[in-house]
Amino acid sequence: MANGHEQASMLAVDYKLSGRGGIGEALCAAVDRYVRSQQGQAVAEDHAAAFRQMGEARDVVGNSRDRSEAVLDQLKRYHGLLSSLHRRLPFSEREVSVRFSWKDAFSDKTHDDYSIHFEKACVLFNIGCVYNYIGTLQNRKTAEGIKVACHSFQFAAGSFETAKEYLQKHPQSITSTDLRMESLNMLISLMLAQAQETYYEKASQEKRLPAVISKLAAQTALFYQAAVVMLESEPLCSVRSLREWLVHCRVRESYYRAASHYRHALALAAELEYGQQVAHLREACDTLKSTERYQSRVDGYMQQVLKFVSQMVSKALADAIEENNTIYHKTVPDSVPSRLETYACVKAVSPPGIFCEAGADPFSSIIPYSATQSLSVYTERKGAVVRELMTLMQEGNDLASTSLASMDLPGAVQALEQQPGLPQEILDKIQSFKQAGGLSCVADLTEAKRGLVSEDENILREAIKALDAEEEENQAAIAMYGSAWTRKPSHLLTEQLRADGQSYTNKLVHAKKSDGLVAAKLEPHREMLQRLSQSSEHIVRMLPVPSLSPIMREPAVQTLRHQLQLLDSVVAERNRLRGALRALADQDDITAELVAAPEDEHERVFAEALLKYAPLKSQVERNLDAQEKLFVTISDANSKFAALRQHAPPDPNTAQRQRLCQQMHAALLAFDEVLVNLREGVRFYTRFQDLLRKYLMACKDFAMARRLDKVEYEKQARQALASAAAPPQAASYEHPTSSSPSFGSAPTSALYGSGGGYATSIPRVQPGTSSAYRPPPMPSFGGVPSAGAPSPTSPYPPHGYTQQPPPQYAPQYQQSGYPPPPHSTHQQPPPGSYYQGQ
């Protein structure tokens with residue numbers, strides 16, 4: 001490629017390509033299914049367009065061989081959307097199941113993984129690749145070209161650094177060589193070396209002080225040395241496509257180390273340290289000689305640079321020795337430090353725009369998965385509080401009922417009332433009983449509950465059947481393909497789904513047992529309730545009229561009646577508290593608070609939210625204390641009442657009336673309690689059905705994803721069986737072509753000093769055009785002209801380069817001058833019974 005601006009080459013890493021097609025569509029479908037099943041059809045439809053756009057972006061960034069600014073924007077956008085969804089949805093082979101696929105940038109081998117960590121790391125890798133490539137395209141003989149190149153290499157280093165930090169937290173996602181820590185460390189060092197190199201070039205062009213340029217060169221060599229260390233160690237030393245990279249980095253490391261000694265020698269001469277000058281020039285000359293073994297493996301331009309600079313340094317060394325021997329007679333040290341003082345001007349900078357900005361996230365209204373998980377934890381804790389209070393109130397009601405029954409109250413007092421007909425307390429309860437619908441209401445609620453139970457059982461049975469069918473299909477594939485079937489067994493992926501199914505089954509069994517207890521509670525009173533369902537005249541005729549009893553005027557009896565009325569008020573207040581507790585629990589939704597709070601503060605949100613139940617708990621405790629005190633008074637008054645009855649004349653009508661009043665009271669009390677229990681049961685089974693439908697959808701989604709996935713695995717298994725059955729063939733060696741790295745024609749300006757005739761513009765190279773490589777003239781080294789140097793004839797494309805580059809990238813930077821790019825900032829959004837509040 002002819003640049004129109006002659007400059008030394010830099011390395012560009014290959015762009016990772018998608019291992020197979022259709023991943024964008026699969027991603028869109030999997031996300032839509034999960035959101036539809038877990039958060040409702042309305043939420044899924046609201047985000048359908050955003051899901052499609054994300055799927056389309058995945059196909060673009062996975063299949064495009066273009067490395068332009070447009071692709072960089074797509075990569076950042078896709079990474080932002082992926083990161084937003086990652087905080088909201090559980091990507092895994094078990095839940096939001098997408099089989100991501102990417103090729104290794106170094107070996108072209110395809111690697112598949114269901115982990116979104118793997119997907120995000122590959123996208124970050126490609127962002128670094130594009131920044132790297134953009135940096136190599138710049139004309140570094142202009143101030144703007146140097147600045148853009150330097151920023152691009154630092155952003156590339158930051159991209160690889162971000163991928164490295166991310167993979168350190170998720171090491172299980174490191175499935176390919178290019179994502180290994182050694183690879184990423186090598187790329188970070190290489191990008192920083194190339195960025196530092198641009199500072200050296202700028203300082204040389206501006207003819208800065210030799211001491212300054214020496215420090216810049218020494219740091220450049222240090223960065224290249226770090227890359228060499230990684231390339232010489234496993235696993236990179238075994239990667240054939242990186243062998244030429246190793247040569248490139250070794251030569252550049254030696255080259256800049258020699259440059260640092262040469263510039264340092266110039267600075268020493270200015271300080272009249274002629275003996276030290278000779279020693280450093282000798283070190284520079286020896287360092288350049290060490291590159292001779294690699295000169296046949298570098299591009300022609302670099303060969304000419306090494307030859308020219310070696311001759312120049314050798315001449316400078318001879319002149320310095322002669323002058324020192326004849327004029328200055330300074331002592332020449334036997335050796336000098338191989339590494340001189342350094343000055344780093346560059347650092348890895350996280351690229352801007354890789355996360356969705358506030359207000360620009362299309363998935364912001366989707367409840368994050370962490371919030372959903374935390375909400376489930378809170379629901380359990382809330383349920384425990386509600387169950388505790390419900391149990392306390394139920395025990396209070398049971399204690400009141402059994403205690404009154406043991407004292408034949410209130411029937412014994414009601415039986416002594418003189419007026420004919422029913423006592424007023426019983427009349428009020430009968431009226432409430434009829435207004436509620438009586439036994440027909442109990443029958444309707446029982447039938448409705450029975451239908452809900454049947455539906456819940458069918459849904460659960462269908463969900464388990466879907467899991468069983470998928471596992472049977474997988475077992476059949478294992479039996480057919482044997483060891484060639486490499487897909488993960490179903491039972492390893494359905495552990496949580498199976499556990500959830502067993503948990504739901506246990507809840508249904510427990511709830512049905514509670515249903516039996518509720519039905520048994522009403523049976524002893526059914527005959528009396530049927531009689532109370534008749535007309536008022538018929539009910540009145542049930543009770544005989546008592547004779548006038550003088551003990552009704554006794555103060556002890558009046559006290560007892562008053563205490564019983566107070567007890568009725570306490571029980572009624574407790575039933576009101578029960579309803580208030582149920583209403584509070586139904587309205588208690590802290591989803592918004594969990595979404596807004598960081599995940600590490602969810603415990604604080606739980607504690608604050610549960611405080612709202614403290615007032616109700618205090619009221620329940622005061623109510624039970626009041627009942628306990630009332631029973632002390634009632635027991636004392638009843639003892640006095642019993643003593644008065646022993647001395648009263650016997651009355652058979654009074655005894656019969658007392659027995660019937662007590663039966664009516666017990667039956668009506670049982671009806672009220674059963675009615676509440678049945679309504680709670682219907683409410684429980686209705687809500688439980690919504691949960692089971694989500695579970696059914698999750699099971700069906702898993703089975704569907706596995707069936708779609710099965711096609712690819714069957715293809716691989718058939719290929720593996722066919723390969724095993726094919727006769728062996730002789731292996732043949734192919735020389736690396738486009739995947740073999742080289743210096744390429746990507747830009748840097750003169751390595752030593754500055755030359756005249758800088759290009760004033762960067763030519764735009766259109767895709768699909770071709771042009772031969774035209775070697776540049778030799779750069780000047782300390783003012784030595786480079787005209788007339790011989791030129792190589794073969795092109796040297798960048799590593800892995802397979803097509804012509806896109807139109808020139810020249811982003812606008814807002815900074816003035818030439819400071820290092822600032823750190824970019826981005827915001828990262830961060831079994832109890834259902835009768836007891838379950």
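Computed with a 1.4 Å probe over protein heavy atoms only, the accessible surface of region 276-388 comes to 51 Å² per residue. With R₀ fixed at 60 Å, the C-beta to C-beta distance from residue 704 to residue 607 puts the FRET efficiency at about 0.90.
Computing FRET efficiency as 1/(1 + (r/R0)^6) for residue 443 and residue 488, where r is the C-beta to C-beta distance and R0 is 56 Å, gives about 0.65. With the simple model of a label 7 Å out from the Cα in the direction of the Cβ, residue 719 to residue 286 spans 5.4 nm. Calculated FRET efficiency, residue 307 to residue 272, Cβ-Cβ distance, R0 = 22 Å: about 0.10 to the nearest 0.05. Distance between the 7 Å Cα→Cβ label points at residue 636 and residue 562: 1.3 nm.
Placing dummy labels 7 Å off each Cα toward the beta-carbon, the span from residue 587 to residue 69 is 5.5 nm. Entry comment: accessible area of region 448-537 is 56 Å² per residue, from protein heavy atoms only and a probe of 1.4 Å. Heavy-atom accessible area, probed at 1.4 angstrom with all protein chains present, ranks 136, 379 as 379, 136, highest first. If the chain linking residue 45 and residue 475 were pulled fully straight, counting 0.36 nm for each residue of separation and taking away their Cα-Cα distance, it would gain 151.2 nm. When peptides 218-224, 364-370 are sorted by average Cβ neighbour count within 10 Å, with the highest value leading, the order is 218-224, 364-370. Pairs to check: 120/700; 488/715; 429/521. Give those whose C-alpha atoms are more than 21 Å from each other in this structure. Violating the 21 Å limit, Cα to Cα: 120/700.
Taking 0.36 nm per residue of sequence separation and removing the Cα-Cα distance, the residue 233/residue 428 pair yields an extension gain of 61.1 nm. Of the whole protein surface, residue 406 contributes about 90 Å² of accessible area at a 1.4 Å probe radius. Solvent-accessible area of residue 356, all protein chains in place: 10 Å² (probe radius 1.4 Å, heavy atoms, ligands and nucleic acids excluded). In the structure displayed, which of 164/215; 382/507; 147/207; 76/347 lie more than 19 Å apart, Cα to Cα? Distance filter (> 19 Å) returns 164/215; 76/347.
The values are calculated or read from the model by the stated rules, or taken from the named source; none is laboratory data. On a predicted model such as this, the values are computed, not experimentally measured, just so you know. Don't worry about glycine lacking a Cβ; one is built from the backbone with ideal geometry, like all the others, and counts go over all protein chains shown. What goes into the accessible areas is simple: the full protein's heavy atoms, side chains included, and nothing from ligands, DNA or RNA. Shrake-Rupley method; radii C 1.70, N 1.55, O 1.52, S 1.80 Å.
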